[in-house]
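Colleague: So that we are looking at the same thing, I have put the structure below in structure tokens.
The values are calculated or read from the model by the stated rules, or taken from the named source; none is laboratory data. All values reported here derive from a predicted model rather than from experimental measurement. Using ideal geometry, Cβ is built from the backbone for each residue, glycine included, and neighbour counts are taken over all protein chains shown. Heads up: the accessible areas ignore ligands, DNA and RNA and are worked out on the full protein's heavy atoms, side chains in. Shrake-Rupley method; radii C 1.70, N 1.55, O 1.52, S 1.80 Å.
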Amino acid sequence: MATTRFTVHTSLSPSEVMAVITDFGPERSRWWPNVDDAHFRVHGQGPDWAEVTEGTGMGWERERYSWDASSGIVTIDTLDSNLWGPGSGWRYELVQAAEGTDLRVSLTRLPNSLKGKLIAALIPIAGPRALGKQFQSVLRRAESR
């Protein structure tokens, strides 16, 4: 099992960050570099959940997003993937901070393939920096809209 944790700060409010994370519209692949149009599909959606497939040619997963705006918690559970098995997922905690929000991210990966095992080996080493930079990029674009 590979895990990593990191925090990204943004000037956006917690509700604005929640809106960025839970926007499953046709522009999602434009905002998130790890999602391309060919691997993005919304299977179902409600007021506090969505089931989607997203990813790229390298790796995709069908996930269930669940969120509670009042607590600022988003959980993403992997349902199916070419890389990750059950028990994999993300947890986001949106914490009001001075002049914005701290987005606390926790990632757990249980590989189900050789490629998944290779990527999982890198997550504790490169994950916080690479993924933190990716989230920072998404939030900076949202700040400038």
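Colleague: With the Cα gyration tensor of region 43-128 in hand, convert its eigenvalues to equivalent ellipsoid semi-axes via √(5λ) and list them largest first in whole Å. Spell out each step's value before the answer.
Modeller: Details: eigenvalues 121, 64, 17 Å².
Equivalent-ellipsoid dimensions as semi-axes: 25, 18, 9 Å.
Colleague: Run the helix sum for the chain: -39,500 (n - 2.57) per DSSP H stretch of 4+ residues, divided by residue count, reported at 222 nm to the nearest 500 deg cm²/dmol. Working shown, then result.
Modeller: Details: 3 runs with 42 residues, N = 145.
Using -39500 (n - 2.57) per qualifying helix, the result is -9500 deg cm²/dmol.
Colleague: How much area per residue is accessible in the chain when the probe is 1.4 Å and only protein heavy atoms are counted (Å²)? Write down the numbers at each step before the final one.
Modeller: Working: 7570 Å² over 145 residues.
Per residue, the chain has 52 Å² of solvent-accessible surface.
Colleague: Can you tally the net charge around residue 66? Count Lys and Arg as +1, Asp and Glu as -1, for every other residue whose Cβ sits under 12 Å from the Cβ of residue 66. Provide the component values of the computation, followed by the final result.
Modeller: Numbers: positive: 64, 91; negative: 48, 51, 63, 68, 77.
Taking every other residue near residue 66 into account, the sum is -3.
Colleague: Using DSSP to call loops (not H, G, I, E or B), can you name the GluC sites (Glu not before Pro) in region 1-57 whose Cβ has at most 11 other Cβ atoms within 10 angstrom? Before the final figure, lay out the partial values.
Modeller: On the way: sites: 16, 27, 51, 54; in loops: 27.
Sites meeting the loop and neighbour criteria: 27.
Colleague: Can you give me the pair-distance distribution of the chain, C-alpha pairs, 5 Å bins, whole percents?
Modeller: 2, 10, 18, 24, 24, 15, 6, 1, 0
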